Amino acid sequence: MLVFKFGGASVKDAKGIINLAHVVKQYSQNQLLIVVSAMGKTTNALERLTKAYIEQADDVHEIYDDIKKYHHDILAELFEPSHPVFDEVANTFVEIDWMIEDEPQDDPDFIYDQIVSIGELVSTRIVTAYLNKENLKSQWLDVRGYIHTDNTYREGIVQWDKTCDSIQQGIPPLLTKGIVVTQGFLGGTSENFTTTLGREGSDYTASIFAACLGAESVTTWKDVPGILNADPKLFDDTVKFNELSYTEAIEMTYYGATVIHPKTIKPLQNAKIPLLVKPFLEPDAPGTVIKEDGKNEFKKPVIIIKQNQVLLSISAKDYSFISETHLSDIFKLFAKSHVKVNLMQTSALSFSVCIDLHEDRFGKLLQSFSANYKVKYNQGLTLITLRHYQLDSLKDLTQGKTVLLEQISRNTAQLVVK
């Protein structure tokens with residue numbers, strides 16, 4: 001059996017869903033499990049809705065109405081007004097209606113997951129209905145009953161044994177009846193609350209199903225020809241990799257390459273399942289294959305750009321050396337605030353780290369440091385990572401910029417610039 005994952009860009013409009021059905025038709029002789037993300041920029045819109053609701057802003061209903069209209073317009077292009085999918089989508093949105101009627105009481109991360117998850121629940125209803133309309137027999141599956149996580153909202157930790165048991169018992173019989181369509185990015189707790197697996201987590205969802213089912217391969221359908229050495233929105237002269245090894249793919253995602261979710265590769269590597277990254281508008285194109293014996297050829301360095309970075313310098317209030325004890329305490333505070341470190345460097349009296357800026361988490365992090373540490377920080381920075389770099393590349397990328405922190409090893413160079 002095969003696992004497909006379609007991202008938001010591939011289902012951003014009616015034309016995209018029609019194209020999805022065209023792609024699926026080419027593989028209709030296979031058992032297929034399809035993982036679908038929220039449509040277009042719906043996750044971003046639902047994040048704005050969540051923020052507005054938590055802050056009790058005046059534009060809550062305006063944002064929400066725009067989200068519903070966007071989906072209704074897509075439905076209107078694909079289906080007759082009497083089609084039952086209209087009611088299915090409306091009933092899914094009701095979960096948000098119930099929540100925003102009352103003032104927020106719960107933890108913001110919990111609220112985030114309950115609201116933002118609606119994007120995938122709606123998109124999969126629409127995709128399933130359209131595939132059935134095209135005589136591609138499909139079943140809608142609620143992923144929350146199969147991917148089990150703990151209660152870490154926004155970063156749900158998968159309970160692998162329970163998850164694989166549920167998938168192995170429940171999914172194979174469904175695959176014999178037709179295509180299974182389910183949501184990416186989501187999980188469920190033992191209390192039946194929704195969790196999310198981290199932004200761009202739909203790739204991870206696909207790899208979980210593939211690993212538990214022993215799939216032949218996972219294909220993630222993208223709006224790029226495959227995995228490129230750099231973001232084509234930022235660089236004109238990108239090159240595509242035909243193959244990559246699991247190890248190189250893990251390194252690239254660790255440093256922030258967004259074409260694949262960082263947690264995606266490991267389950268596939270453990271099960272020796274190849275990952276194909278292919279363009280959804282050219283389904284016959286070869287794309288990129290990530291596999292155990294993938295051949296890594298680097299005609300140009302891999303360039304990863306992370307914007308909106310913060311550089312913190314942390315020092316003890318008593319001017320003592322930064323010791324292993326301090327580092328242990330500092331990392332506990334990062335973990336407690338759910339803040340990930342992108343780059344770190346230690347000197348005698350300070351510990352410097354580069355992190356993504358998440359306003360709500362950053363405020364909590366600074367507060368947690370205030371008791372025992374002094375913290376200085378710069379915002380609005382960029383982290384540049386180069387794999388398999390050449391010195392000329394470093395000079396070109398830093399020209400006209402101020403380098404605040406630099407780290408260079410055999411294969412990787414990282415620079416924090418302003």
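The values are calculated or read from the model by the stated rules, or taken from the named source; none is laboratory data. Quick caveat, the model's predicted, so the values are computed rather than measured. Ideal geometry is used to build each Cβ from the backbone, glycine not excepted, and the neighbour counts take in all protein chains shown. When the accessible area is computed, the model is the full protein with side chains, heavy atoms only, and any ligands, DNA or RNA have been set aside. Shrake-Rupley method; radii C 1.70, N 1.55, O 1.52, S 1.80 Å.
Would a scan of segment 167-182 turn up a residue that is farther than 20 Å from PHE6 by Cβ and among the hydroxyl-bearing types (Ser, Thr, Tyr)? For segment 167-182, residues farther than 20 Å from PHE6 by Cβ and among the hydroxyl-bearing types (Ser, Thr, Tyr): present. Among the residues examined, THR128 does not qualify as modelled with pLDDT of 95 or more, over 21 Å from ASN44 (Cα atoms), touching a His at 6+ places or on another chain (Cβ under 8 Å) and among the polar types (S, T, N, Q). For HIS83, the conditions (1) part of a helix (DSSP H, G or I); (2) touching a residue at least 24 places away in the same chain (Cβ under 8 Å); (3) within 30 Å of ASN132 (Cα to Cα); (4) not basic (Lys, Arg) all hold with the exception of (1). If you check LYS278, LYS300, LYS266 for being modelled with pLDDT of 95 or more and either charged (D, E, K, R) or open to solvent by 40 Å² or more (accessible area, probe 1.4 Å) (or both), only one passes: LYS278. Only one entry of SER315, SER337, SER320 meets the criterion of being touching a helix residue (DSSP H, G or I) at 6+ places or on another chain (Cβ under 7 Å), more than 24 Å from SER409 (Cα to Cα) and of a type in the set (S, T, N, Q), and that entry is SER337. Suppose the filter is within 21 Å of ASN44 (Cα to Cα), modelled with pLDDT of 95 or more and of a type outside the set (D, E, K, R); does GLN168 pass it? Taking the combined requirement at face value, the residue does not satisfy it. Among the residues of segment 98-110, is any assigned to a helix (DSSP H, G or I) and among the polar types (S, T, N, Q)? No, that holds for no residue.
Filtering LYS41, LYS25, LYS15 for residues that are under 15 Å from GLU200 (Cβ atoms) and open to solvent by 40 Å² or more (accessible area, probe 1.4 Å) leaves a single hit, LYS41.
Is it the case that LEU33 is in a helix (DSSP H, G or I) and either surrounded by fewer than 22 Cβ atoms within 10 Å (Cβ to Cβ) or at negative phi (or both)? In short, no.
Screening LYS162 with (1) surrounded by 15 or more Cβ atoms within 10 Å (Cβ to Cβ); (2) out of contact with any Leu (no Cβ under 6 Å at 6 or more places or on another chain) gives one miss only, at (1). Only a single criterion out of (1) in a strand (DSSP E or B); (2) open to solvent by less than 60 Å² (accessible area, probe 1.4 Å) is not satisfied by LEU333, namely (1). The residue of segment 358-384 that is nearest to GLU55 (Cα to Cα), among those that are at pLDDT 95 or above and within 21 Å of the chain's Cα centre (by Cα), is THR382.
Looking across segment 89-140, the residues that are surrounded by fewer than 21 Cβ atoms within 10 Å (Cβ to Cβ) and closer than 21 Å to ILE208 by Cα come down to GLN139, TRP140. Filtered by the rule that a residue be open to solvent by 50 Å² or more (accessible area, probe 1.4 Å), farther than 14 Å from TYR255 by Cβ and aliphatic (A, V, I, L, M), segment 341-388 gives ALA348, LEU349, ALA371.
Okay, residues lined up against (1) hydroxyl-bearing (Ser, Thr, Tyr); (2) modelled with pLDDT of 95 or more:
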position: PHE209; (1), (2): no, yes
position: GLY214; (1), (2): no, yes
position: VAL224; (1), (2): no, no
position: ASP231; (1), (2): no, no
position: GLU248; (1), (2): no, no
position: THR253; (1), (2): yes, no
position: ALA257; (1), (2): no, no
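Given the structure, is ILE111 in contact with a Gly (Cβ under 7 Å, 6 or more places away or on another chain), in contact (Cβ under 8 Å) with a residue 60 or more places away in the chain and either among the small types (Gly, Ala, Ser) or closer than 24 Å to ALA335 by Cβ (or both)? It is false that ILE111 is in contact with a Gly (Cβ under 7 Å, 6 or more places away or on another chain), in contact (Cβ under 8 Å) with a residue 60 or more places away in the chain and either among the small types (Gly, Ala, Ser) or closer than 24 Å to ALA335 by Cβ (or both).
Listed here are the residues, each with its yes/no results for (1) in contact with a His (Cβ under 8 Å, 6 or more places away or on another chain); (2) among the β-branched types (Val, Ile, Thr); (3) touching a residue at least 12 places away in the same chain (Cβ under 8 Å).
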| site | (1), (2), (3) |
| --- | --- |
| LEU244 | no, no, yes |
| GLU248 | no, no, yes |
| THR253 | yes, yes, yes |
| THR258 | no, yes, yes |
| THR264 | no, yes, yes |
| ASN270 | no, no, yes |
| LYS278 | no, no, yes |
| LYS291 | no, no, yes |
| PHE298 | yes, no, yes |
